[in-house]
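Everything on this sheet refers to the single structure shown next.
The numbers here are math on the coordinates, done by the rules we state, and not lab data. Remember, predicted model here, so these are calculated numbers, not experimental data. Glycine also receives a Cβ, built like all others from the backbone with ideal geometry; neighbour counts cover every protein chain displayed.
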Amino acid sequence: MRIATDLADAVGQTPLIRLRKASELTGCEIYGKAEFMNPGQSVKDRAALFIIRDAVKKGLLEPGGTIVEGTAGNTGIGLALVGRSLGFNTVIVIPETQSQEKKDMIRLAGAELVQVPAAPYKNPNNYVRYSGRLAEEMAKSEPHGAIWANQFDNVANRQAHVETTGPEIWEQTGGKVDGFICAAGSGGTVAGVAEALQPKGVKVGLADPEGAGLYKIYTGEDNPGDSITEGIGQGRITANLEGYTPDFICRIPDEEALPIVYDLLQEEGLVMGGSTGVNVAGAIRMAQEMGPGHTIVTILCDFGNRYQSKLFNPDFLKQKNLPLPPWLDRAPASIP
Ligand code: PMP
C-alpha cells in the first residue's frame, strides 16, 4: 500500500466487494464498488477532485479561491473535504429538505452552508440556479477566483469515471466483467463508466427510481410514482449524460430498493444509503436478464449513517408507508 500525498490523493482505488445474497439469488457474480470507502464516504469525491483539478488547470482557481455548488449533499461533502485538502474554500447551496446528517457533515467539512427552499429547476431560486448566480457574483470580487462546480453539466465530473472508476473495474475484474449498472444523479458515474467500458464490450445499464424522468426519455414509457432516495432521479439529459445510450434500463420502486438496503446491512454488514438499494436491485434485474454465469458490477454509493433520520427511522418509514424491517422497529433493550 502506497502513502497518499494528501487527502485528495486518497480518493478512489476502492475495493470491489462481492454481494453474496445478490450473487446467490441470480447465479451471477455481482460486485459492489465500495465508493463509501472514499474519504468523504461517497462516489462524489471522484467528481469533486476532477472538477477542482480541471478549474485549477484552466487557471480559474488558485489557492485561497472558492468553490460554489448546489448539491443534494454528497458532492458538497466531497468538494469541501477535497477543497480543504488542496487549499480552497467551499460554499454549498442545499435544498432544506435534505437530511440533517448531510447538512451537519457539510458544515463539519468546513463549507459554508446556504439553505434554500426546495423548488423546481424553473424557479430562479432552485438550489442549482441559485448556486450558479452566487458563483458568478463571487467571481467578480474574490481575489483568488471563484468557480461554480456545476456537477450536472461540467463534464470533468464524467471524466473522473472515464479515467478512474471504469479502468479500476476493468483492472480489478481482470477484464472479466459483462455488465455494469447504476442510477443517475448528474449521470457522471453511469456515462463515464460507459465511455470507459462499453468499447470493451461491457453492457452498461441504468436503474431509475420510480418517478424519475430518464426512464421516459430513454424508453418513451411513463415512470409514475415517487421515491425517497436522495441524490438520484434526473429529469433531463445533462451534459454528462450526452452520448450515453443505455444497454439495459429498469425502474425500481422504493419497496424493492429499501429491503435490499436492510438486507445488505443485516446480512452483509454493509451500511448503505437508498441509492445503493436501487443500484443493487438494478444489478439483480440485469443479472436475471443476462442469465446465470455473468459478472455484473454496481456502485455502493455512500455510507448509510447519512440517512439515520430517514431510512433508518421507523417513524419516518411508517409515515411514508414504506416497508419497515422488524429489527428496526424493535424498541431499544431496556436495562433492568
Ligand atoms: N447516489 C448518491 C447518494 C448520490 O449523492 C449521487 C450523486 N448525486 C448518486 C448516487 C449519483 O451519482 P452521479 O451524480 O454520478 O449520477
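Here are some notes:
- Calculated [θ] (222 nm, deg cm²/dmol) that DSSP helices of n ≥ 4 give over the chain, each run adding -39,500 (n - 2.57): -11000 deg cm²/dmol
- Extension gain for L322-I228 works out to 32.9 nm (0.36 nm per residue, less the C-alpha to C-alpha distance).
- Label-to-label distance, nm, for residues given as S141 and T219 (7 Å Cα→Cβ offset): 5.0 nm
- Listed residue pairs exceeding 32 Å between alpha carbons, taken from K216/K320; K44/K216; K122/K203: K122/K203
- 19 Å Cα-Cα reach of K58 towards lysines, excluding residues that sit fewer than 8 places from it in its own chain: K140
- Added length on full extension, which subtracts the Cα-Cα distance from 0.36 nm per residue, R18 to E96: 24.5 nm
- A cut-off under 9 angstrom between Cβ atoms defines the neighbours of L322, and their net charge, with Lys, Arg +1 and Asp, Glu -1, is 0.
- Other residues lying with their Cβ under 11 Å from the Cβ of G132 contribute a combined charge of -2, Lys and Arg counting +1, Asp and Glu -1.
- Per-peptide average of other Cβ atoms within 10 Å, ordering 25-33, 184-192, 164-172 highest first: 184-192, 25-33, 164-172
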